[in-house]
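The values are calculated or read from the model by the stated rules, or taken from the named source; none is laboratory data. Predicted, not measured: the structure shown is a model, and the values here were computed from it. Positions of Cβ are backbone-derived with ideal geometry, glycine not excepted, and every protein chain shown enters the neighbour counts.
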């Protein structure tokens with residue numbers, strides 16, 4: 001009787017992970033490609049552990065479904081973060097223990113001469129961005145205080161961000 005070895009099965013089918021992960025490259029930013037590979041490898045290992053050869057399925061068919069499902073779940077859980085705000089966690093000079101979370105999208109390139117202090121000075125002119133970024137208030141809280149809906153505050157902040165990006169890019 002032949003025994004099933006999950007480790008050997010994993011090693012024999014590792015190329016499946018590359019095949020399925022690469023299918024997602026066009027929809028996922030480059031910095032997430034390594035995470036796609038990792039998710040696919042975890043899914044392959046899960047398939048190796050759960051596979052039952054007595055059920056009559058080919059392992060590759062079984063593993064493919066699990067890998068595809070895990071990659072779909074990864075995309076569904078993370079797609080909102082792909083083009084969203086990133087944090088650089090730089091401590092703002094002149095303040096103790098306060099980090100300036102950079103709300104600028106990563107596709108914007110600015111001169112390296114712009115410092116966090118200069119950005120903060122420019123943000124001071126924008127009412128909603130100042131409350132959100134510097135004061136740390138939520139859009140919902142800002143909206144209640146100003147008598148506006150959270151969606152309206154979000155739109156106003158988007159307009160302020162666009163204006164700020166334009167001024168920083170110059």
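Going by the structure shown, is residue 110 at pLDDT below 80 and in contact with a strand residue (DSSP E or B) (Cβ under 7 Å, 6 or more places away or on another chain)? When the stated conditions are applied, residue 110 does not pass them. Screening residue 56 with (1) on the phi < 0 side of the Ramachandran plot; (2) modelled with pLDDT of 85 or more gives one miss only, at (1).
Every residue, every condition in (1) out of contact with any strand residue (DSSP E or B) (no Cβ under 9 Å at 6 or more places or on another chain); (2) at pLDDT 85 or above; (3) outside any helix (DSSP H, G or I), yes or no:
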| residue | (1), (2), (3) |
| --- | --- |
| 45 | yes, yes, no |
| 49 | yes, yes, no |
| 78 | yes, no, no |
| 83 | yes, no, yes |
| 88 | no, no, yes |
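Taken as a whole, the structure leaves residue 143 outside the set of residues that are modelled with pLDDT of 70 or more and outside any helix (DSSP H, G or I).
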